[in-house]
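Here the structure comes first, spelled out in structure tokens, and everything after it is commentary.
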Amino acid sequence: MAKKKIQDDQEVIKWFEEGRSYAWMTAEYMRKYNIEMSPSAWGNFRYRKGLDRRIARDDDLIPWAMKEEHRQQYPVIMLRAEARRQAGLEVDEDKAKRLESWKAMLKRENVVVHYEPRLDGFYYVPREEGDGEFIRAPREKTTKRRNADERDS
């Protein structure tokens, strides 16, 4: 049987509760135990222990399969923060302030977020009838990622 890499389950659970990043956990394991861990190992541990997900995936707020180069654009960062807020997850104080300011701008300018992968990614477009609170939804969702907590049968 393969040797167990996680040395202390309770220690790792505490790190999850503290909101430590996978990168931090990986570096700490190398420093503390001289054991190399992959980020997916932490996600697998979280799943096996029944710990809450760290992200809030909301395909209604982010219904697009995005190109890698568009994933850190400000509109999608704010949509992720709104997904966390709506899911009841913690949003740090700075991001919460930026989120409220961003939502006020959308309302003030009467615009919504639109994604165009063939161009430069995210744009603000004038709100039209049928638009959501924050986005202009595509005719069909193009998200491709499956829920990490669903196992193939």
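The values are calculated or read from the model by the stated rules, or taken from the named source; none is laboratory data. Quantities reported herein were computed from a predicted structural model and do not represent experimental measurements. Here Cβ is always computed from backbone atoms with ideal geometry, including for glycine, and neighbour counts include all displayed protein chains. Just the protein is used for accessible areas: all its heavy atoms, side chains included, with ligands, DNA and RNA removed. Shrake-Rupley method; radii C 1.70, N 1.55, O 1.52, S 1.80 Å.
Considering only residues that are at pLDDT 85 or above and of a type in the set (Asp, Glu), look in segment 120-147 and name the one that is farthest from Met105 (Cα to Cα).
Let us first name the residues in segment 120-147 that are at pLDDT 85 or above, namely 120-137.
Narrowing the set further to residues that are of a type in the set (Asp, Glu) leaves 120, 128-129, 131, 133.
Working: Asp120: 21, Glu128: 16, Glu129: 19, Asp131: 16, Glu133: 12 Å.
Restricting to residues being at pLDDT 85 or above and of a type in the set (Asp, Glu), the top hit is Asp120.
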Enumeration of residues in segment 36-64 that are surrounded by fewer than 13 Cβ atoms within 10 Å (Cβ to Cβ) and of a type in the set (A, V, I, L, M, F, W, C): Ile55
Residue tally, condition in contact with a Phe, Trp or Tyr (Cβ under 8 Å, 6 or more places away or on another chain) and either more than 25 Å from Arg80 (Cβ to Cβ) or not β-branched (Val, Ile, Thr) (or both), over segment 17-48: 11
Residues of segment 65-87 that turn out to be surrounded by fewer than 16 Cβ atoms within 10 Å (Cβ to Cβ) and either touching a Lys or Arg at 6+ places or on another chain (Cβ under 6 Å) or acidic (Asp, Glu) (or both), as a count: 3
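Just need a number here: residues in segment 87-97 that are more than 13 Å from the chain's Cα centre (by Cα) and at negative phi.
Taking segment 87-97 and keeping what is more than 13 Å from the chain's Cα centre (by Cα), we get 88, 92-97.
After this cut, where a residue has to be at negative phi as well, the list is 92-97.
Number satisfying all stated conditions: 6.
Which of the residues belonging to segment 1-35 are open to solvent by 100 Å² or more (accessible area, probe 1.4 Å), over 23 Å from Arg53 (Cα atoms) and not hydrophobic (A, V, I, L, M, F, W, C)? Don't jump to the end; show me each part of the working.
Kept after step one, since they are open to solvent by 100 Å² or more (accessible area, probe 1.4 Å), are these residues of segment 1-35: 1, 3-5, 10, 14, 17, 31, 34.
Checking which are over 23 Å from Arg53 (Cα atoms) leaves us with 1, 3, 31, 34.
Answer for segment 1-35, where residues must be open to solvent by 100 Å² or more (accessible area, probe 1.4 Å), over 23 Å from Arg53 (Cα atoms) and not hydrophobic (A, V, I, L, M, F, W, C): Lys3, Arg31, Asn34.
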Flag for Glu90 being open to solvent by 80 Å² or more (accessible area, probe 1.4 Å), over 24 Å from Arg127 (Cα atoms), among the acidic types (Asp, Glu) and out of contact with any Phe, Trp or Tyr (no Cβ under 6 Å at 6 or more places or on another chain): yes
